[in-house]
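Reviewing the structure listed below.
Laboratory data are not the source of any read-out in this text; all were calculated from the coordinates shown. Everything numeric in this text was worked out from a predicted model, so none of it was measured. Neighbour counts run over all protein chains shown; Cβ positions are idealised from the backbone, glycine included.
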Amino acid sequence: MPQARKFPHSALLLGLPSIVIPAAVETFPPAKLNLFLELRGKRPDGYHELDTVMVAIDRRDCLRISRTAEPGVRLRCRWSPSVAAWREQLRSAPVQMFELPPPEDNLVVRALTRFAETFGCDEGFDARLEKRIPAGAGMGGASSDAASALAAAARLCGVPLGDPRIGQVAAELGSDVPFFLGLDGRAEEKQAAGERGGRVGRRCRSGMARATGRGEQLTTVDASFGLHFVVIYPPEPLSTAAVYRQAKLPADPIGSDAFLSALRGGASLSGEGNGAGGATRAGIARHFFNRLSEPARQMSSWVDRSLDALAGVGLQGGMMTGSGSACFAVASSSRSARRAASKLSSRRIGVCFATAPTSLPAPIRLLT
Ligand code: C5P
């Protein structure tokens, strides 16, 4: 197995600090929620033109990648903590729900293969993926894994994450992949202030962005305030392509501007307690929207059942994320989110958990 090495040698000659190129890294790809999602039209390439606001959340897979002397990509993937633990929460789920796709179909393998082709790597990669993000949920798990695989490969090969070819490979792999790299087309604050000059590919640590185009054109949104989510993943996943196929385009699409204004109004929200924060939180939650929830509700009764369950424990702003089937709502504090999630978990209607926004991209830990 290759050892950690120093790079580049020219840096040593110039007296610059050398960069350690590790042989193995570990990262924790986060999930996302779509707080707002509108379809603005159908594109000639068959995709939909979107206006969406996504936030990364602290529910994470675990991905370990090491360099191997022989070329090629190897992946071992499993549910975490175990299939039995998932089954326990998803008792009425069909057996196929726990089957993982063959490694060659996994977006991690495709990401590492495309990375090696693009950067001409003569070494290979060995990847281990532990899945805690629900699949077929609209939470971007596979896209986030792919983004983290690209970032990890870049770290393992001494390629800067700002290299524009990484953003291009990310967009090829899937519409949501660039979001998880934390790439920013143009800082949202600059746009609000009418300033020019945000650079494409600029890194920004906020985990919230407005995405347009297929979902790959990103503008960072200031997410410095607290929101506390409760998520339900019911025992019936949905196929993204199938939900999009059933969706009807609105005659008069809604823009995300009103939602973004409500978010800006809530920027002083500390996140805990009620009072003024409660009013602002309700204002934000009132603007949650998802055009895909209508076709998804027709395809699975679990969407409405999940939304009813969230409202039933007193949570606000129940909404489906992405193309479903997972749904979320907001609580007034992290404590009340945990309490609501544990109440819902005891009913065995799905995997329920409390979570909160997190930053992007996911940090990478050097193992060797
Ligand atoms: O880009 P990604 O592979 O994640 O998309 C999965 C499917 O979702 C696409 O094949 C397409 O059917 C649908 N989709 C769409 N418009 C988008 C994003 C996804 O129609 N903007």
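Worth pointing out:
- From least to most packed, judged by other beta carbons within 10 angstrom and beginning with the fewest, Met299, Met54 follow the order Met299, Met54.
- Spatially proximal aspartates and glutamates relative to Lys42 (Cα-Cα < 16 Å; intrachain offsets below 8 disregarded): Asp51, Glu216, Asp252
- Applying both filters, DSSP loop and at most 15 other Cβ atoms within 10 Å, to the trypsin sites (Lys or Arg not before Pro) of segment 34-141 gives Arg91.
- Selected from Val351, Val230, Val95 as most flexible by GNM, with the chain as the system and alpha-carbon contacts under 10 Å: Val95
- Taking a Cβ cut-off of under 9 Å around Glu49, the surrounding Lys, Arg, Asp and Glu residues balance to a net charge of +3, with basic ones at +1 and acidic ones at -1.
- Net charge of Cβ neighbours under 15 Å - reference Asp304; Lys, Arg +1; Asp, Glu -1: -1
- Angle of helix 275-286 to the longest C-alpha principal axis of the chain, folded into 0 to 90 degrees and rounded to 10: 80°.
- Here the gap between Arg286 and Asp222, fully extended at 0.36 nm per residue and compared with their Cα-Cα distance, gives a gain of 21.1 nm.
- Each other residue within a Cβ distance under 11 Å of Ala326 adds +1 if Lys or Arg and -1 if Asp or Glu, for a net charge of +1.
- Put simply, the Cα atoms of the chain extend 63, 52, 45 Å along their principal axes, the longest span coming first.
- Per-residue ellipticity at 222 nm computed for the chain from its helices equals -9000 deg cm²/dmol, with DSSP H segments shorter than 4 residues left out and the rest contributing -39,500 (n - 2.57).
- 5 Å binning of all Cα-Cα separations within segment 1-151, expressed as whole percents from 0 upward: 2, 8, 14, 16, 16, 14, 12, 8, 5, 3, 1, 0, 0
- Shape descriptor for segment 73-141: Rg over Rh equals 1.06 (Cα atoms; Rh from the Kirkwood inverse mean 1/r).
- Restricting attention to the chain, close to 85% of DSSP beta bridges with both partner residues there are antiparallel.
- Rounded tilt (10° steps) of 334-345 against the dominant C-alpha axis of the chain: 80 degrees
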